[in-house]
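The values are calculated or read from the model by the stated rules, or taken from the named source; none is laboratory data. No experiment lies behind these values; they were computed from the predicted model shown. Glycine also receives a Cβ, built like all others from the backbone with ideal geometry; neighbour counts cover every protein chain displayed.
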Amino acid sequence: MTTIERTTYLPEGLPAPAPGPDGLAAEFWEAARRHELVVQRCNACKAFQWGPEWICNECHSFDLGYEQVSGRGTIYSWERAWYPVHPALKNGVPYIVALVELPDAGNVRMVGNLLGDPEQDVEIGAEVEAVFEDHAGDEPYTLVQWRVV
Ligand SMILES: [Zn+2]
């Protein structure tokens, strides 16, 4: 068992971070609530991009939408976080942050937690799938996380 110092960089008393389901990413968060993974896609040139922006990086069109994708991807990169930056994560370390590449969405890459044993061996290129983690409360939200398949 690994012993971890639980000193946080940010001060105690901060609320737990939660998504702000408005603006450019609103459609992403609404889809996550339905347990669907969507990625921003240009309606003019059909390029995928992530994260959401007002303009297409390929053709500079402002005509952007979202498209549902399979939720399957591969690990492009990852890191294991041993120290909690935020007080809300004090008892949540270690955890694994994965950068997941989505082949059916133009190979855009999304960041999320890799679920399972936080001390597991992680292999670059391993196949993963999206997991939808529901959070209750006054303003419920759903996070997109990942697990190896
Ligand atoms: Zn475009």
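Selection within the range 33-56: residues that are charged (D, E, K, R) and within 12 Å of the ligand (Cβ to nearest atom). The member of this set that is farthest from the chain's Cα centre (by Cα) is K46. Can you tell me which residue is nearest to the chain's Cα centre (by Cα) among those in the range 88-127 that are within 30 Å of E58 (Cα to Cα) and of a type in the set (V, I, T)? Residue satisfying both the conditions and the ranking: V111. For beta carbons closer than 6 Å, sequence separation of 6+ or different chains, a first residue in the range 110-133 that is aromatic (F, W, Y) and a second that is surrounded by 15 or more Cβ atoms within 10 Å (Cβ to Cβ) and in a strand (DSSP E or B), the qualifying pairs are F132/T142. Taken across the range 93-103, residues that are closer than 19 Å to E127 by Cα and part of a helix (DSSP H, G or I) do occur, with at least one present. Pairs linking a residue in the range 75-99 that is under 21 Å from G13 (Cα atoms) to a residue that is among the hydroxyl-bearing types (S, T, Y) and loosely packed, with under 13 Cβ neighbours inside 10 Å, with Cβ atoms under 7 Å and 6 or more positions apart or on different chains, are V85/Y9. Take A18 and decide whether it is touching a His at 6+ places or on another chain (Cβ under 9 Å), away from the ligand (no atom under 16 Å from the Cβ) and aliphatic (A, V, I, L, M). Yes; evaluated as a whole, the condition is true for this residue. Within the range 8-48, the only residue that satisfies the criterion of being under 20 Å from W146 (Cβ atoms), free of Cβ contacts under 8 Å to residues at least 40 places away in the same chain and exposed (fewer than 14 other Cβ atoms within 10 Å of the Cβ) is R34. Assess whether A105 counts as being hydrophobic (A, V, I, L, M, F, W, C) and loosely packed, with under 13 Cβ neighbours inside 10 Å. In short, no. Looking at the range 76-83, can you tell me whether even one residue there is closer than 26 Å to H135 by Cβ, away from the ligand (no atom under 16 Å from the Cβ), at pLDDT 95 or above and of a type in the set (D, E)? Checked the range 76-83: at least one residue is closer than 26 Å to H135 by Cβ, away from the ligand (no atom under 16 Å from the Cβ), at pLDDT 95 or above and of a type in the set (D, E). Here the range 57-75 is the region considered, the condition is being in a loop (DSSP other than H, G, I, E, B) and closer than 21 Å to R147 by Cα, and the residue that is nearest to the ligand (Cβ to nearest atom) is S70.
What number of residues in the range 104-129 are out of contact with any Asp or Glu (no Cβ under 9 Å at 6 or more places or on another chain) and in a strand (DSSP E or B)? Residues in the range 104-129 being out of contact with any Asp or Glu (no Cβ under 9 Å at 6 or more places or on another chain) and in a strand (DSSP E or B): 6 in total.
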